[in-house]
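The structure appears right after this line, and notes come after that.
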Amino acid sequence: MNPEEVLREIERQVQVCKRCDLHYSRKHGVAGEGPVNAAIMFIGEGPGFHENEQGRPFVGAAGKFLDELLAQIGLKRSEVFIGNVVKCRPPGNRDPKPEELEACDIYLERQIQAINPKVIVTLGRYSMAKFLPHAKISAVHGRAMRVKDRLVVPMYHPAAALHQPSLRPVVERDFAQLPELIAKAEDAPEYQVEPLEEKSDPKQLTLF
Ligand code: SF4
């Protein structure tokens, strides 16, 4: 199966998946979207109301802001892959549970393998925790780190900046750095993992 077929198969599978209880609140599974050869993969948390209705990621207010952030660095949504750590909407937009994250990870892992992006940008704490389980987002946002041969840049979720206006310039600054980080990913494969000293209890994670 070629990478494009893998993505299409995942798209089909998440519409009927019953690996966790989130399928009860699913109207449309949201596998993610974007070209199979995308250099950047954005990974958010999970579908909200509008995403569940439309079956597409980041289509609400946070998605509009994400589009603006991409435009600021000369990128269109159609040039990047956008997905989530869980593919079905948590009821009432609650946080995904550990068992739901674990059940759904099989799809995200296969998407990452198929797309093989140069840079993975995590949006929010749950996607960051997949790669950097002990990191604190306030300490590491906007910093590139190599994790298992992948360049990962943790960022705040765009919705966080909408809820907390003081975060907006922080998110904009982090995004503005992305082109340079991508260039580094291409030119400096020896890019080193930065040591993480601050630890947080994963049970204490909140949405952003
Ligand atoms: S969230 Fe993921 S694992 Fe759970 S039912 Fe949906 S597709 Fe399956």
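Run the numbers for TYR24 and GLU99: contour at 0.36 nm per residue of separation, minus the present Cα-Cα distance, in nm. Mind showing how you got there, number by number?
Working: separation 75, 0.36 × 75 = 27.00 nm, distance 1.49 nm.
Computed gain between TYR24 and GLU99 is 25.5 nm.
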Problem set entry | Hits among lysines - C-alpha to C-alpha of LYS87 under 17 Å, sequence gap 8 or more where chains match | LYS18, LYS27, LYS97, LYS130
Exercise. With the chain treated as a Gaussian network of Cα nodes joined by springs under 10 Å, which of PRO35, PRO179, PRO165 yields the largest mean-square fluctuation?
Worked result: PRO165
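With every protein chain present, what is the per residue accessible area of the chain (1.4 Å probe, Å²)?
On the way: 10300 Å² over 208 residues.
The answer is 50 Å² per residue.
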Exercise. Which GluC sites (Glu not before Pro) in region 11-64 pass both tests, a DSSP loop state and at most 14 other beta-carbon atoms within 10 Å?
Worked result: none
For this session: Return the FRET efficiency for the residue pair HIS50, GLU172: r is the Cβ-Cβ distance, R0 is 25 Å, and the value is rounded to the nearest 0.05.
Result: 0.60
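Quick check on the chain: what are the equivalent-ellipsoid semi-axes from the Cα gyration tensor, as sqrt(5λ), descending, whole Å?
Working: eigenvalues 115, 76, 61 Å².
Working through the eigenvalues yields semi-axes of 24, 20, 17 Å.
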Exercise. For the chain, what is the calculated [θ] at 222 nm in deg cm²/dmol (nearest 500), taking -39500 (n - 2.57) for each run of four or more DSSP H residues and dividing by its residue count?
Worked result: -12000 deg cm²/dmol
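Keeping the other protein chains in place, figure out the carbon and sulfur percent of the accessible area of the chain, with a 1.4 Å probe.
Numbers: 5210 of 10300 Å².
Carbon-and-sulfur percentage of accessible area, whole number: 51.
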Seminar exercise, completed: Checking PRO57, PRO98, PRO47 against a Gaussian network model of the chain (alpha-carbon springs below 10 Å), the top fluctuating residue turns out to be PRO98
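Just how many % of Cα pairs in region 36-112 lie over 16 Å apart, if you round to the nearest whole percent?
Values: 1526 of 2926 pairs.
It works out to 52 percent of all Cα pairs.
The values are calculated or read from the model by the stated rules, or taken from the named source; none is laboratory data. Here the structure is a predicted model, which is why all the values come from computation and not from measurement. Neighbour counts run over all protein chains shown; Cβ positions are idealised from the backbone, glycine included. With ligands, DNA and RNA removed, areas are computed over all heavy atoms of the protein, side chains included. Shrake-Rupley method; radii C 1.70, N 1.55, O 1.52, S 1.80 Å.
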